[in-house]
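Just below is one structure, and these are the notes that go with it.
The values are calculated or read from the model by the stated rules, or taken from the named source; none is laboratory data. What you see is a predicted model, and the numbers here were worked out from it, not measured in a lab. Cβ placement follows ideal geometry from the backbone for every residue including glycine, while neighbour counts extend to all protein chains displayed. When the accessible area is computed, the model is the full protein with side chains, heavy atoms only, and any ligands, DNA or RNA have been set aside. Shrake-Rupley method; radii C 1.70, N 1.55, O 1.52, S 1.80 Å.
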Amino acid sequence: MKIKSFLAKPYAAYVKKKIKKDAAHAVQDQLAIMRSLVNKAAATKFGRDHQFSTIKTYEDFKRHIPIVDYEQFKPYIELIKEGAEHVCWKGKPLYFAKTSGTTSGAKYIPISKDSISNHIDTAKFALLNYMAETGNSSFADGKLIFLSGSPVMDRVAGIPTGRLSGIVNHFIPAYLRKNQLPSFETNCIEDWEQKLGHIVAETQHQDMRLISGIPPWMQMYFDWLQEKNPGKTIRQLFPNLQVLVYGGVNFEPYRAKLMQSIGETIDTIETFPASEGFFAFQDQQGEKGLLLNTNSGIFFEFIPADEIFNDQPTRYNLSQVELGINYALIINSNAGLWGYNIGDTVKFVSKDPYRIIVSGRIKHFISAFGEHVIGEEVEYALAKGLAKVPCNIIEFTVAPMIQVTQGLPYHEWLIAFEQVPENLEQLAKEIDMALQEKNVYYKDLLSGGILQTLQIKVLQKDAFIQYMKAQGKLGGQNKVPRLSNDRKIAEALLSL
């Protein structure tokens, strides 16, 4: 055992105890954070506009703070961008995390001096918790790779502005800098394919032990490594590779191919980070769900997903949630976000401790015929289908096919396979039956003669890579929506 892994062990044990203690006091911590946030922001413009000085209880909180999306919150962001101080939080943001939006163009998410620790410490705690749980700390002695955005910052009103992963890159602890790959110069390359070529060149002969990133980009990295080293598995290239850290999308559709590329199954750590905050992480290898980050400057609220577009939706705090309900996740934070709908839906799988799964996106669904199929359901159906008809997929998305030349409308599944299965029709049938099992409205539409069984459209292997490249979203934290209520993405993929 080398010095870094040796010294990490007692710190990991301390962190795990803290995580366990926080989990036991989650409800109390959440209400304390609510009061603290309101008190600290009472003198800001947002605090004055919404009469924070009169807020004493959660009922007061709900009356004074509306639920908003980025577009509705944008006027306050624009004030900050014009140079104003004390707008939503004291002073000015430490950074703007710039991210692309589907309706608002670029989004500028504030990160404050108070909130930056949420991003940095939670990532650190997820790894240390894994060390304490498994006893595996030796990955700290080898090379670690973070497939991230460029750390180069622009400035908006004097505020450093860039991608969240690039911002976080500036906070890698000094003792890990020598372990970190790729190099700073390579991380600064904007073009993903050029950058990936440099990453492969820098890492293929190194002692890689941990790889972190979005699963489809991990797979692309593995593919390029194997193209450069024909006939070799990732395990043969990296004998000491021990753990993959991922977030952003459901890992299951990618798991089989990633592990096949590696040559064996290794540990994974799931995380739930976003520009708005680091919300949850996997605290147990053998348990389903992610531990909600309840003591890190964010006060969470939960709205039943089917009410999110109501004028007066029901709002719950942590003490009021139930298991198995699909909730829209709302945050209030020490970055200065208030009543903010991040666009993700979650379900609680445990309340002791509070663990969630990410079930989908508010705006990513299919309800062209009233079925309201969501991301969690299509991922469940695909997993069921692949269990019956084993094969490796590269990527997929689902869209409604409304205008048909003959027969009934249907859901079109556009899938890029590593190798197309011979019994493709059976795979479609298995997925369809699983989707009916999960969504009664979809089942009723089929039995009622409104829809026909879903159909699979096979795409070329690199179709999704080419699509993302055409959209200017290749690499980084970008991902393809699992499903859409129109055919914009489908037609773009089919036109390649």
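Quick notes on this one:
- Checked against (1) without any contact (Cβ under 8 Å) to a residue 60 or more places away in the chain; (2) aliphatic (A, V, I, L, M); (3) more than 24 Å from T161 (Cα to Cα), A12 passes all but a single condition, namely (1).
- Of the criteria (1) open to solvent by less than 70 Å² (accessible area, probe 1.4 Å); (2) under 18 Å from the mean Cα position of the chain (by Cα); (3) within 17 Å of T271 (Cβ to Cβ), which one N326 fails: (3)
- Boolean, S115 is at pLDDT below 90 and of a type outside the set (K, R): no
- Consider region 406-421 and keep the residues that are hydrophobic (A, V, I, L, M, F, W, C) and open to solvent by 60 Å² or more (accessible area, probe 1.4 Å). The one that is modelled with the highest pLDDT is V420.
- For region 342-378, a residue qualifies if it is within 15 Å of the chain's Cα centre (by Cα) and assigned to a strand (DSSP E or B), and the qualifying residues are I342, G343, D344, T345, V346, K347, I356, I357, V358, S359, G360, R361.
- Candidates are the residues of region 34-79 that are farther than 30 Å from V156 by Cα and aromatic (F, W, Y); the one that is most open to solvent (accessible area, probe 1.4 Å) is Y58.
- Selection from region 425-437 of residues that are closer than 20 Å to P400 by Cβ and open to solvent by less than 80 Å² (accessible area, probe 1.4 Å): L427, A428, I431, D432, A434, L435, Q436
- S165 being under 22 Å from F278 (Cβ atoms), of a type in the set (G, A, S) and in a loop (DSSP other than H, G, I, E, B): no
- In region 53-73, the residues that are part of a helix (DSSP H, G or I) form Cβ pairs under 6 Å with partners that are among the small types (G, A, S), at six or more places apart or across chains, as follows: S53/A42; Y70/S104; E71/S104.
- Filter result (touching a Ser or Thr at 6+ places or on another chain (Cβ under 9 Å), in a loop (DSSP other than H, G, I, E, B) and open to solvent by 60 Å² or more (accessible area, probe 1.4 Å)) within region 223-263: N240
Residues checked against (1) closer than 30 Å to K113 by Cα; (2) crowded, with 17+ Cβ neighbours inside 10 Å:
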site	(1), (2)
N187	yes, yes
E190	yes, no
I199	no, yes
H205	no, no
I211	yes, yes
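- Against the numbered list (1) open to solvent by less than 30 Å² (accessible area, probe 1.4 Å); (2) outside any helix (DSSP H, G or I); (3) free of Cβ contacts under 8 Å to residues at least 24 places away in the same chain, M468 comes up short only at (2).
- Test for K232: is it of a type outside the set (A, V, I, L, M, F, W, C) and modelled with pLDDT of 95 or more: yes
- Entirely in region 80-152, the strands (runs of 3 or more DSSP E) that have 2 or more residues that are open to solvent by less than 40 Å² (accessible area, probe 1.4 Å) and under 22 Å from F279 (Cα atoms): 95-100, 106-111
- For region 440-453, the count of residues that are buried (at least 21 other Cβ atoms within 10 Å of the Cβ) and assigned to a loop (DSSP other than H, G, I, E, B) is nonzero.
- Subset of region 25-84 (residues that are of a type in the set (S, T, N, Q) and touching an Asp or Glu at 6+ places or on another chain (Cβ under 8 Å)): T54
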